[in-house]
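Novice: Have a look at this one.
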Amino acid sequence: MTTNDEQYIRLALSAAKQCLEAGEYPVSAILVIDDELIEIVSNQNISRSTWGSHAESLVLQRHSSLIREKTQRLSLEKEAQGKIELYTTLEPCLMCLGTAVLHKVKRIIYSCPDPRGGVALIKPEELTKFYQERWPEIQGNIFWEDSYHLITTYLANQKEDFWPAILDSFEKMYSDLKKWPPRVGWPSGSI
């Protein structure tokens, strides 16, 4: 973990807090290319009335052309792919990981583990060569309690029948992590 990792996660947490205040599921993501912050985007599931408007996928899709230009130029120069990093307040879901892989993200750094749909425990060696060659480094648990509290605050105030089960899964995870606190920056598969 670097000082930049902490800085970017703090920025994402601040955006997630604003997201919560706006009534959205409080997840925000930041795209960084070659140490330059490109954009901070928050979930838009409620405002767009879609299930797939996740912050991670949105920020990558918005800047897909820039990422493509950067990685193609580097390929022509026969250098390693550019330093494309994705910071997020919640461990990415399978959809967001797939979007990150397709966009050649080198590192994904997240705050709170997702007990329902997080991808950090996926073993890339069990996937096809395409995914193995493009698999990002995944690190998590940076200021995880801050993100946890934003998410559970949102979940506790929802009225639909399915939210209590989701809240229960986060509370169980919290209880487990408080017994065995994660080290900051654990790599993929460590939790």
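Novice: What is the ratio of the Cα radius of gyration of the chain to 2.2 N^0.38 Å, with N the residue count, to two decimals? Present the calculation step by step, with values, prior to reporting the outcome.
Specialist: On the way: Rg = 16.2 Å, N = 191, 2.2 N^0.38 = 16.2 Å.
For the chain, the normalised Cα radius of gyration comes out at 1.00.
Novice: Given the Cα-Cα distance of residue 45 and residue 22 and 0.36 nm per residue of separation, how much length would full extension add, in nm?
Specialist: Gain in length upon complete extension: 7.1 nm.
Novice: A further question on this structure: Quote to one decimal, in nm, the extra length available between residue 107 and residue 1 on full extension: 0.36 nm per residue of separation minus the C-alpha distance between them.
Specialist: Numbers: separation 106, 0.36 × 106 = 38.16 nm, distance 1.12 nm.
Between residue 107 and residue 1, full extension yields an extra 37.0 nm.
Novice: Moving to a separate point now. Please list, in order, the residues from segment 10-27 whose amide nitrogen is less than 16 Å from a point placed 7 Å along the Cα→Cβ vector of residue 160.
Specialist: Under 16 Å, as judged by backbone N against the label point of residue 160, lie 23-27 of segment 10-27.
Novice: Additional query: Could you size up the charge dipole of segment 3-187 around its Cα centre, putting +1 on the beta carbon of Lys and Arg and -1 on that of Asp and Glu, and report it in debye to the nearest 20?
Specialist: 320 debye
Novice: When 66, 31 are ordered from fewest to most other Cβ atoms inside 10 Å of their Cβ, what list results? Write out the running numbers ahead of the final one.
Specialist: Numbers: 66 16, 31 25.
Ascending Cβ contact count within 10 Å gives the list 66, 31.
Novice: What distance in nm separates the simple spin-label points at residue 130 and residue 149, each placed 7 Å from Cα in the Cβ direction?
Specialist: So the two model labels end up 4.3 nm from each other.
Novice: To continue, here is another question. From Cα pairs below 8 angstrom and at least 6 apart in sequence, can you work out the relative contact order of the chain, rounded to a whole percent?
Specialist: Numbers: 329 pairs, mean separation 37.1, N = 191.
This gives 19 percent for the chain.
Novice: Provide the convex hull volume over Cα atoms per residue for segment 80-181, in Å³. Don't skip to the answer; put the middle values down first.
Specialist: Details: hull volume 11.7 nm³, N = 102.
With only Cα atoms used, segment 80-181 gives 115 Å³ per residue.
Throughout, read-outs are computed from the coordinates displayed, never taken from laboratory work. Remember, predicted model here, so these are calculated numbers, not experimental data. Methodologically, a virtual Cβ is constructed for each residue, glycine included, from the backbone with ideal geometry; neighbour enumeration extends over all protein chains shown.
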